[in-house]
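Visitor: Here it is: the structure, laid out below.
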Amino acid sequence: MGSSDNRALSSIASKVVMALAGAFLLVFLVVHLAINLLLLADDGGAAFSAAAEFMGVNPVIRVMELVLFAGFALHIAFGFVVSIRNRKSRPIRYVHKSRSETYPFSKYMMHTGMIVLLFLALHLIDFYFIKIGIIAPPPGIERHDFYHRAVLLFSDPLYSGIYFVSFLVLGFHLNHALQAAAQTLGLNHPRYTPLIKAASALYAIIIAGGFMAIPLRFTLFN
């Protein structure tokens, strides 16, 4: 087997690992959204606080946090690897675009991924690092009081705007990521590809729209 074959196999393996890690993160986003939508309940944060407390003391959840961070690390690392390899394998820009480049936002996956990564860092600073004691909570708010922390943050229109735009970018990233993952895993078929595209768009709209509703609610109706 020649070096070109080895590089091809390595590239495919990298894409498969990135796709599988991304699939795990897709499940996490559904669970994370379901819990965070409890912030919208008109109960003073009781339901959300109860769910957050359960997540904080459950040993299974604590283990899953480590798995989650591993999934993020794998997806990000192999995302960089795949992006760099793609750029090196196409040093010359041709006038004729390949089919994969004709999908909206497909060529911006690295850019949207970087924005999502920066937002993830901000989100960890806002909530998770306070939870584990790395950062002190704001005055008047207890370390595990995520409800009032969210109320405080999203009462600022500028801060809500950052979250809102970040979730919008996440939606575009998810839409193409699902389609790319299906292609990498060999699931594309003339009969099923339209369904995959529709499911990808629906998933992205639900996830992004659900998360966008949270800062919007506290900014407009707090």
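Visitor: Is there any pair linking a residue in region 28-41 that is crowded, with 17+ Cβ neighbours inside 10 Å to one that is of a type in the set (S, T, Y), with Cβ under 7 Å and at least six apart or on different chains, and which?
Guide: Filtered contacts from region 28-41: L39/Y147.
Visitor: Could you list, in sequence order, the residues of region 57-67 that are closer than 24 Å to H148 by Cβ and within 21 Å of the chain's Cα centre (by Cα)?
Guide: The answer is I61, R62, E65.
Visitor: Let me ask you something else. Restricting to region 202-214, name every residue that is surrounded by fewer than 16 Cβ atoms within 10 Å (Cβ to Cβ) and of a type in the set (G, A, S).
Guide: Once the filter is applied, which keeps residues that are surrounded by fewer than 16 Cβ atoms within 10 Å (Cβ to Cβ) and of a type in the set (G, A, S), region 202-214 yields only G209.
Visitor: Here's a follow-up. In region 44-88, what count of residues is obtained for those that are more than 30 Å from F218 (Cβ to Cβ) and without any contact (Cβ under 8 Å) to a residue 60 or more places away in the chain?
Guide: 15
Each row is one residue, and each column tells you yes or no for (1) aliphatic (A, V, I, L, M); (2) part of a helix (DSSP H, G or I).
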| position | (1), (2) |
| --- | --- |
| A121 | yes, yes |
| I162 | yes, yes |
| F172 | no, yes |
| N188 | no, no |
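The numbers here are math on the coordinates, done by the rules we state, and not lab data. The structure presented is a predicted model; accordingly, all values stated were derived computationally and were not measured. Reconstructed Cβ throughout: ideal geometry from the backbone, glycine too, with neighbour counts over all protein chains shown.
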